[in-house]
Amino acid sequence: MAVQSRHGPPPPPESSPCPVSAVFTIATSGRRRRREPSGSLQGVDRTGGRVLTTDTGARPIPHPPSWRRMRPMIADDREEALPVLKVSDLAIAPGDAPVLKDISITLQRGTLLAIVGPSGCGKTSLLRTIAGLDDAAAGEVRLHDRSPDDIGWPAYRRVVTLVQQQPVMLDDTVLENLVRPFRHRSVSLPFDRRLAIDLLETLGLTERCLGQRARTLSVGEQQRVALLRAILIEPEVLLLDEPTSALDEESQVIIEQVLRLQVRRHGRSAIVVTHDRRQADRLCDAQLDLQPHVIQYAQRRGVVDA
């Protein structure tokens, strides 16, 4: 993919790694052939004790029967052609100097985007700004061509959900942490305990941990609980900040399979921050590389328009 910038070729390297800028689109198109990488992923199906060997994208990933109850977020085919999330000319300046500028992203339904790059170049800040937790210095974020102010911030954050690298856990049981979002008026869904248990076991945990204090879990276990909590409220866009950073290789594969299923089968979209470029290669449709002074794109399955 060619590098794009609103201001011509990238400037020569300087001492400061920021700001960086980008303009790109990630989209799916029925006219394009989706090419899958060779190789396979192996993991453990916690619901049945079977070993999964899943050719990446070639065959459906096994999942618990109750997952079929989760409805696609967009049923109207006419809506599928519209971008789910659009970021326009975004600038982020948490201090006096901008960290990111002129960031424009168009994210279609059913796509996975990885954000990679060195520490300090604004990957997490970009996620937090899209999620509405930090203010942008310039630009805007729109969901289905509506601003968060128009939608209402509680409703917006329900469908554009951030899972942080260090999960925020209430000082209560795991079950209470899973149930609490359903008590908010912006969430109209009922809490499905059976589905929660199915997903919990698929993520490598057990039903017994529902009664444990969430803050006594390991960081890796808390990451899985936080991901489960986000999935259960059925967001349209998942924003994931290093979701597998505290997990072993087997658990990473399981999380990646769950994310693929959520995006491909349940019609969600996801933006994943990761330091693991191999994970970005095997999991995501495209990569946004926030290198100093230059944005690099890596196209994998014919789904990036830049």
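The values are calculated or read from the model by the stated rules, or taken from the named source; none is laboratory data. Keep in mind that this is a model prediction, so the values were computed, not measured. Reconstructed Cβ throughout: ideal geometry from the backbone, glycine too, with neighbour counts over all protein chains shown.
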Revision key, fill the gap. Selection from segment 168-215 of residues in a helix (DSSP H, G or I), surrounded by fewer than 15 Cβ atoms within 10 Å (Cβ to Cβ), in contact (Cβ under 8 Å) with a residue 40 or more places away in the chain and in contact with an Asp or Glu (Cβ under 8 Å, 6 or more places away or on another chain) yields ARG215
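Using the structure shown, decide if VAL141 is among the aliphatic types (A, V, I, L, M), at pLDDT 75 or above, within 29 Å of ASP192 (Cβ to Cβ) and crowded, with 18+ Cβ neighbours inside 10 Å.
It is false that VAL141 is among the aliphatic types (A, V, I, L, M), at pLDDT 75 or above, within 29 Å of ASP192 (Cβ to Cβ) and crowded, with 18+ Cβ neighbours inside 10 Å.
Does SER119 count as in a loop (DSSP other than H, G, I, E, B), among the hydroxyl-bearing types (Ser, Thr, Tyr) and under 26 Å from GLU256 (Cβ atoms)?
Answer is yes for this residue.
Per-residue answers, yes or no, for (1) touching a Phe, Trp or Tyr at 6+ places or on another chain (Cβ under 7 Å); (2) closer than 20 Å to ILE271 by Cα:
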position: ALA91; (1), (2): no, yes
position: LYS101; (1), (2): no, yes
position: ASP135; (1), (2): no, yes
position: LEU143; (1), (2): yes, yes
position: ALA155; (1), (2): no, yes
position: THR173; (1), (2): no, no
position: PHE182; (1), (2): yes, no
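Find the residue count for segment 103-137, including only residues that are basic (Lys, Arg) and crowded, with 20+ Cβ neighbours inside 10 Å. Before you say what the answer is, go through the steps one by one.
Quick first cut of segment 103-137, residues basic (Lys, Arg) only: 109, 123, 128.
Next, from what is left, pick out any that are crowded, with 20+ Cβ neighbours inside 10 Å: 109, 123.
The qualifying residues number 2.
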Study note, to complete from the structure: Counted residues in segment 120-173 being over 30 Å from GLU221 (Cα atoms) and β-branched (Val, Ile, Thr) come to 2
Review point. Among (1) surrounded by fewer than 21 Cβ atoms within 10 Å (Cβ to Cβ); (2) within 21 Å of SER251 (Cβ to Cβ); (3) of a type in the set (D, E, K, R), where does ARG224 come up short?
Key: (1)
